[in-house]
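*Asks:* Got a structure for you, written out below as C-alpha cells; questions coming shortly.
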Amino acid sequence: MSLHEQFAEDLSLYALGALEGEERQVVEQHLDECSSCRQDLEKLRGDLALLAFSASGPRPPARSRERLMTAIAREPRRAQRPRARWAWWNVLGWAAAAAAIAIAVQFRQQDSDLRQQVAELKTNSANQDQQLHEAKQLVTALTSPDAMRFTLVAGKAPPQPQGKAIYVRSSGTLVFLASNLPAIPPQKAYELWLIPTAGAPIPAGVFKPDARGAATVIRPPLPIGVEAKTFAITIEPEAGSPAPTSQPIMVGIGG
C-alpha cells in the first residue's frame, strides 16, 4: 500500500473528527503537502453534510452516499486500531447533530418569517383603521347640520371656474372642490383662504388643478372654532404664502 493510499483510508475518520493526538497531526501534516488528499477530504465533508441534511430535507444524491460508504468501508482493514469500533457512533452522532442544527435553523427562519408577516398584518390593520376613522369624520362633517357651504365663482363666461367649500366650525373641518380652473403659471399655485369674521385671512391649503381644471383640498390644518365669513382664492408662490400677496381671483358667498 502506497503512502497516499494509507492516508486516503484515514480521511473518512478525519472528516468525522474521529482522529486524535498523533494520528490527527500526521494526517494534517500530509494534507498540507498533498493537494489530492485535500480534494478528497472536501468531497467527503460534502457527502457527510448531504447525509446529515437528508434527515430534514430532500435525499442526497446516491453517488454521495456511495462514495461516503466506500471511504468508510476501507477502514476495517486496519481493525487493530481501537477507534475503528467506536467511529460509527461518531458518524451517527455527527449526522444527528448536523440534522438537529439544520432543523433548528429551518424553524428559526420560519419563526422569523411568521413574526414579520404578523407585524405587516398589524401595520396594515392599523392603517385601515386610521383610514376608516378619517372617512367617518369626513362623512360626519359633510352631513353635519352645522356645516356652512360657500360657492366661489370667477367671471361669467363659460366654462365658469367654480369652487364649493363645506366648512364645519366646531371641528375645523374643510372640504373644497373646484372645477374649470385655468392652468397655473410655472412656480405658482392657487391658495385657498379662510376669511374670518374678525382678523386676518387664514391659509387653508395650496393646490394646482389637473388637466381638466379640477382640484380638491380636504381637511387642511385649520384652527377649531373660527367663524368663517367667506373663502377666497389667490395666486401665490408654489410653496404658499402666510398672507395673501395678490388680489383674490375667486371669492365665496354663503348659501
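*Asks:* Give, as ranges by residue number, the residues of the range 193-222 whose backbone N falls under 19 Å from the point 7 Å along Cα→Cβ of Q130.
*Replies:* Answer for the range 193-222: 218-222.
*Asks:* Ok, one more. Could the peptides 23-30, 237-244 be put in order, highest first, of the mean number of other beta-carbon atoms found within 10 Å of their residues? Could you put the intermediate results ahead of the total?
*Replies:* Working: 23-30: 14.4, 237-244: 12.9.
For the peptides 23-30, 237-244, the packing ranking is 23-30, 237-244.
*Asks:* Another question, then. Can you sort F207, F231, F150 so the residue with the fewest Cβ neighbours within 10 Å comes first?
*Replies:* Numbers: F207 20, F231 28, F150 23.
Ascending Cβ contact count within 10 Å gives the list F207, F150, F231.
*Asks:* Here is a follow-up. Order these by the 10 Å Cβ neighbour count, fewest first: Y167, Y190, Y14. Let's see the in-between values first.
*Replies:* Working: Y167 26, Y190 23, Y14 20.
Ascending number of Cβ neighbours within 10 Å: Y14, Y190, Y167.
*Asks:* Follow-up. Testing the spin-label approximation: label points 7 Å from Cα along Cα→Cβ at V139 and I249. State their distance in nm.
*Replies:* If labels sit at V139 and I249, their model points lie 3.6 nm apart.
*Asks:* Same structure, new question: Looking at this model, which pairs from K136/K229; K136/K188; K164/K229 are more than 25 angstrom apart at the alpha-carbon?
*Replies:* Details: K136/K229 27 Å; K136/K188 33 Å; K164/K229 15 Å.
With Cα atoms farther than 25 Å apart: K136/K229; K136/K188.
*Asks:* Quick one: T173, T151, fewest Cβ neighbours within 10 Å first, how do they rank? Can you show the working numbers first?
*Replies:* Numbers: T173 21, T151 14.
Ranked by crowding around the Cβ, least crowded first: T151, T173.
*Asks:* Moving to a separate point now. Mind checking the full-extension length gain between K43 and E23? Use 0.36 nm per residue of separation minus the Cα-Cα distance, one decimal, nm.
*Replies:* This chain segment gains 5.1 nm when fully extended.
Since every read-out is calculated from the coordinates, none of them should be taken as a lab result. None of the values given here were measured: they were computed from a predicted structure. All Cβ positions, even for glycine, are placed from backbone atoms using ideal geometry, and neighbour counts span all protein chains on display.
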